[in-house]
Amino acid sequence: MGVGRRRAPVIAGVVAGAVLATGIVLWATDSGPFRDSYCWGAWEQNSGPSFLGDEALEKSGSERGSTESAAPSAARPHGTCTVSVTSSVEDDDSDEPLTFEESVTLEYGQVPAGAKERGAWLAHFFHGSASPLPDGLDGLVGGDRGMLVLPSSCDRDGAPSVVTIRSESTGDGHLGKVPMPFTIATRTDVVRMLLAAANSGMEKTGCAPAQPLRSGSPLVTVAEDEESAASPLCRIPGMTFDYGEGSRYRQQVGAVTDRLQTCSVVWKQLRMPEEPSAQYVMASGNRLAALFDGLPEGAEQGLLRRSCDGRQTVFYGRVEAGLQDRGRPSDRQVFNRFVESVGKRIGCGSGSGEDA
C-alpha cells in the first residue's frame, strides 16, 4: 500500500545490502533517499510523471497518500487504487483554510456491465480530447485520463479486461466543494503510468505476455482546443443539430485514423463536469470493438457493427437528454450520416447507418 509523504529535508544515505533474515529487501534511488510506492507497487515516487514527483508537493501544506483495495490476483482479477495530493492555504474571507485535493484513480478489471454505467464509461474514455495509443496498443490517453485494453490472455468470461486512469480535483472553502480542472502529466507520461499499471496488474493476475507492454512511438495529435458546436458536427457535412439560442455547446474533434475516430459535444458550464452531451465513435479491431458488447444494437440504438477492410468495426452514437430530438432531420439520421461518411473513408463500402 502507498505511504503518505510530507515534504521534508532529504536524508542522504546509501543502502549497503539487504536484510535477508527477515525477507525485506532494501534499495536506493540514484540520489539516495528511499522512494514511496503506490498502487501495489506499480508506481513510484519521482518515477517521471509530475504528479508523482516533488513538484506536486510544492504547494502549502501539501501531502501525498494513497488508498488501495486488495491487489488484483488470479482469483480476484480486479482492483482500485487512488493516489491523492492535498494542500491548504489561508482564506482571507474565512477562518477556515481553503483546501485542495488532486487525485488519480487507477482501476484494473472489466468494463461496467450495466448499459447506463457502460455509456458513462465510454463517454469518459472515448472522449474527443484523447489520443489513440500507438504501437498496436488498444486504448486512448489524454493528460487527465487513460484506458488500455489488455491482451486476450487476460479476458474473463469472454470479455476483455482493461486498465484505466482518471483524474479528479476539488477545492473546498467557504463556497463549498468545487470541481477544478486537473492535468496529471504529459500524455507521454500518462502512457507510461498506464503501461506500468497494466504490466504490474497482469503479473499479479497471471496473464502477462512473454514481453511487457511497451510504447515508444509518437502519439496521434488531436485538436488542442474545443470549437463551437456549429454545423457540421464532427466536421462531417450532414451532421446537424439545432443547438438553440445562447448555446454553450462546444465540440472536441478527436482522432481521425483507420482504427479510431471520435467526436464529443459538451455543454460548457462553470464548475460542472464536462462529460459529453453527444458523442460519436468509430472503433475498429476486435479488442476495441469488444468494449461495446452487450449494449443494445441497431441504428435506432446508436450502435452498428460492420466489417470494414476486413476488420470488425463498431459505430457508436450517444445523445444525452439536453440534445435528444434536436438532430436535423432526426437524431437517427445524424448517426446514419456519421456511419456513412466514416465507413466510406475506412473501406466499409457505400452502406449507410441503416440496419443491414
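The values are calculated or read from the model by the stated rules, or taken from the named source; none is laboratory data. As the structure is a prediction and not an experimental result, all values here were calculated from the model. Glycine gets a Cβ as well: all are built from the backbone with ideal geometry, and neighbour counts include every protein chain shown. What goes into the accessible areas is simple: the full protein's heavy atoms, side chains included, and nothing from ligands, DNA or RNA. Shrake-Rupley method; radii C 1.70, N 1.55, O 1.52, S 1.80 Å.
In the condition set (1) aliphatic (A, V, I, L, M); (2) closer than 24 Å to residue 219 by Cα; (3) within 18 Å of the chain's Cα centre (by Cα), residue 314 is compliant with all but (3).
Selection of the stretch 98-116 for residues being modelled with pLDDT under 95, in contact with a Gly (Cβ under 8 Å, 6 or more places away or on another chain) and either assigned to a loop (DSSP other than H, G, I, E, B) or open to solvent by less than 40 Å² (accessible area, probe 1.4 Å) (or both) yields only 113. The residues listed here are 193, 202; of these, the one that is under 17 Å from the mean Cα position of the chain (by Cα) and within 19 Å of residue 79 (Cβ to Cβ) is 193. Filtered by the rule that a residue be in contact with an Asp or Glu (Cβ under 8 Å, 6 or more places away or on another chain) and acidic (Asp, Glu), the stretch 301-323 gives a lone residue, 309. Among the residues of the stretch 117-139, those identified as in a helix (DSSP H, G or I) and either in contact with a Lys or Arg (Cβ under 8 Å, 6 or more places away or on another chain) or more than 14 Å from residue 279 (Cβ to Cβ) (or both) are 117, 119, 122, 123, 124, 125. Which ones in the stretch 162-213 are charged (D, E, K, R) and either assigned to a helix (DSSP H, G or I) or at pLDDT 95 or above (or both)? Matches in the stretch 162-213: 166, 187, 189, 192, 203, 204. Note on the stretch 48-69: residues that are assigned to a loop (DSSP other than H, G, I, E, B) and open to solvent by 60 Å² or more (accessible area, probe 1.4 Å) amount to 3.
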